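Input: a single structure, listed below in C-alpha cells.
The values are calculated or read from the model by the stated rules, or taken from the named source; none is laboratory data. Quantities reported herein were computed from a predicted structural model and do not represent experimental measurements. No Cβ is skipped: glycine too gets one built from the backbone with ideal geometry, and neighbour counts run over all protein chains shown. What goes into the accessible areas is simple: the full protein's heavy atoms, side chains included, and nothing from ligands, DNA or RNA. Shrake-Rupley method; radii C 1.70, N 1.55, O 1.52, S 1.80 Å.
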Amino acid sequence: MMSLKRIYSFAGLILLIILLSIVAFTTWYTVDESEQAVILTFGKVEEGITEPGLHFKMPWPIQSVENLSKETFSLQFGYEEKDGEIVEYDSETKMITGDENIVLADLVVQWKITTPSKYLYNADNPEEILRDATSASLRSIIGSSKIDDALTSGKAEIEANVRELLASLMEKYDIGISILAVKLQDVELPNDEVRKAFTDVTDARETMNTKINEAKKYQNQRINEAEGEKAALISRAEGDKAARIEIARGDIAVFDKLYVEYRNNPEVTRQRLVIETLEEVLPGTEIYIMNDDGNTMKYFPIRPLEKEQTKTVTEGSKDNE
C-alpha cells in the first residue's frame, strides 16, 4: 500500500511540475521590433500587439499568440530571382492590349500586413489571393490601354491604375493586406521581329514629330518676321501721315497769307501767282517783257541781263578780296 501511495504521489508531483512548466513557459511572450502579434483566447482573436518587448498572457491552452512580420513584402509577378538569376514566366505575363496587340508585362508589388487577424483567419492563402488579384488588375489595365502607352510614355499611368484597382480588390477581399506601390519592370513585345517592327514605327513617329516641330519653328519665325515688317510699315505710314498733315498745314498757312495779300492788292498778287506758276511748270524758260505797238515786235530780254548782272557782281566781289 505504501509503495502504491508513493507512486501516486510521485506521479502527481511530476504532473504538477509539468503543469507549472507549461504555465511558466506560456504566460509570457516577446514581440520583436519587426513583428506584430495577435492574441487568441480559445481560438478567438482578442487583440493585436505591435509594441516590441516582453508581454504576458493567460497560459496555454487558454490563450495563444501568433507572430507576424510588419515589414514590407515584395511580390514578383511574371518572374522570380533564384540564386542570383532571373527566371521569367511568359505564361503569366503574356496579355492583350486594348488595340489587340500582344505584350509581355511583369511587375513588382510592394505590400504589407496591416490587420494580422484578418490576414490569419479571413482567407486560407492570402498571398495566393494577392497574386491572383495582381494578375487580374494588370490584365484589366493593359487590356484597356494602347500598345504605345504600354511601351513608352504611358507606363506611369498604367502603374497608378493597377495600384488603384489592386488596392480596391484587397479592400473588397478584406484579408488584412495593404498595397504600398506597384512598379512595372518590363513591358515588351513577344519576339524580335515584332519588336523591330514596332521600333521602326516608333522611329518614324519620332521623325515625324521632329519635322512637325521644325515646321512649326519655321512658321513661328516667318510669323515674327511678318509681324516685324507689318510694324515697320505701320510705323512708316504713321510717319508719312504725320508729314503730310504738317505739309498740308504749311500749305494752308501759305494760302492764308496769300489770301490776305490778295485782298489787299488783287491784281499784283494775281500776276505774281501767274509768274511763279510759270516758273514752276516751265523751269529754265527765258522771260521777255514785250510791248507791241505796231508791226515791229519790241522785247526786253530779262534772263541775259540777270546773268550779266550776276557775273558783274561776282567779279566785283573777287576784286574786293
Residues whose modelled amide H sits under 5 Å from the amide H of residue 122, counting only those 5 or more places away in sequence or on another chain, are none
Phi-derived 3J(HN,Hα) across the stretch 135-145 with the Karplus relation (6.51, -1.76, 1.60, θ = phi - 60°), rounded Hz, x for Gly and Pro, is 4, 5, 5, 5, 5, 5, 6, 4, x, 10, 10
Heavy-atom accessible area with a 1.4 angstrom probe orders 278, 120, most exposed first, as 278, 120
Here the gain from full extension of residue 252 to residue 237, 0.36 nm per residue of separation minus their alpha-carbon distance, amounts to 3.2 nm
Rounded to one decimal in nm, the spacing of the 7 Å Cα→Cβ label points at residue 144 and residue 245 is 6.6 nm
